[in-house]
Amino acid sequence: MFEFLLDNIVLVAVILVSGAFLLEPVIRKRSMGPSLSNEEAIDYINKKNAFVLDVRATKDFKRGAIANSKSIPMEGFEGRINEVPNDRPVIVVDTVTSSSQKAAKILRAKGYKDVFVLEGGIKGWVDAKLPFTR
C-alpha cells in the first residue's frame, strides 16, 4: 500500500486537493453560523417578528435599506448591542456577508440565541427585488 502511494504521489495529491475543495464550502458555512436565504428571512420577519440589523456604514444605510431594519454600523457596534432585542430572532445584514458574520458572532458571544446572517446580504436582497427603501 505504501509503495502504491509513493508510486502515485501525484494522483494522491490530486485526490487530497480535490477533497479539500469539495469540503471548503461546507466548512465555511459551518464557521459562519446559521444563515437564512431571502425566503427564510421573509418568513422570520413576517411570522416570528425578526429584528433586522443592518451593520453597514451609516452612509450606505441612508442610501437604501431593508424595510423596517435598524442601522447599527460595525464601527462602535459593541457599544450599542443593548439596542438589539434579545427576545426576538435577529437577522444581521451587510453589503455581502463579512461584517454581518462578525456582528452575529459578537451577538452569540453575548448570549443572543436566534442570530442569523442573511445569505447574499443586501446585494442578494436587492437583486431579488425584495422590499428595499431608498
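The values are calculated or read from the model by the stated rules, or taken from the named source; none is laboratory data. What you see is a predicted model; the values in this text were computed from it and never measured. We place every Cβ from the backbone using ideal geometry, glycine too, and count neighbours over all the protein chains shown.
Name the residues in segment 107-123 that are buried (at least 18 other Cβ atoms within 10 Å of the Cβ) and either of a type in the set (A, V, I, L, M) or part of a helix (DSSP H, G or I) (or both), would you?
Hits for segment 107-123 are Leu107, Val115, Val117, Leu118, Gly121, Ile122.
Check Asp7, Asp54 and return the single one that is outside the structural domain of Glu83 (by TED's automatic domain parsing) and either modelled with pLDDT under 80 or within 13 Å of Val90 (Cα to Cα) (or both).
Sole residue among the options that is outside the structural domain of Glu83 (by TED's automatic domain parsing) and either modelled with pLDDT under 80 or within 13 Å of Val90 (Cα to Cα) (or both): Asp7.
For Lys102, state whether it is at negative phi and not small (Gly, Ala, Ser).
So Lys102 fits the description; yes.
Would you pick out the residues in segment 61-106 that are in a loop (DSSP other than H, G, I, E, B), under 26 Å from Lys47 (Cβ atoms) and small (Gly, Ala, Ser)?
Of everything in segment 61-106, those that are in a loop (DSSP other than H, G, I, E, B), under 26 Å from Lys47 (Cβ atoms) and small (Gly, Ala, Ser) turn out to be Gly64, Ala67, Ser69.
Which residue, of Pro131, Pro89, is over 15 Å from Gly33 (Cα atoms) and either assigned by TED's automatic domain parsing to the domain that holds Glu40 or touching a residue at least 40 places away in the same chain (Cβ under 8 Å) (or both)?
That would be Pro131, the only listed residue that is over 15 Å from Gly33 (Cα atoms) and either assigned by TED's automatic domain parsing to the domain that holds Glu40 or touching a residue at least 40 places away in the same chain (Cβ under 8 Å) (or both).
Give segment 60-72 a look and list any residue that's surrounded by fewer than 18 Cβ atoms within 10 Å (Cβ to Cβ) and not polar (S, T, N, Q), or say none.
Asp60, Lys62, Arg63, Gly64, Ala67, Lys70 - these are the residues of segment 60-72 that are surrounded by fewer than 18 Cβ atoms within 10 Å (Cβ to Cβ) and not polar (S, T, N, Q).
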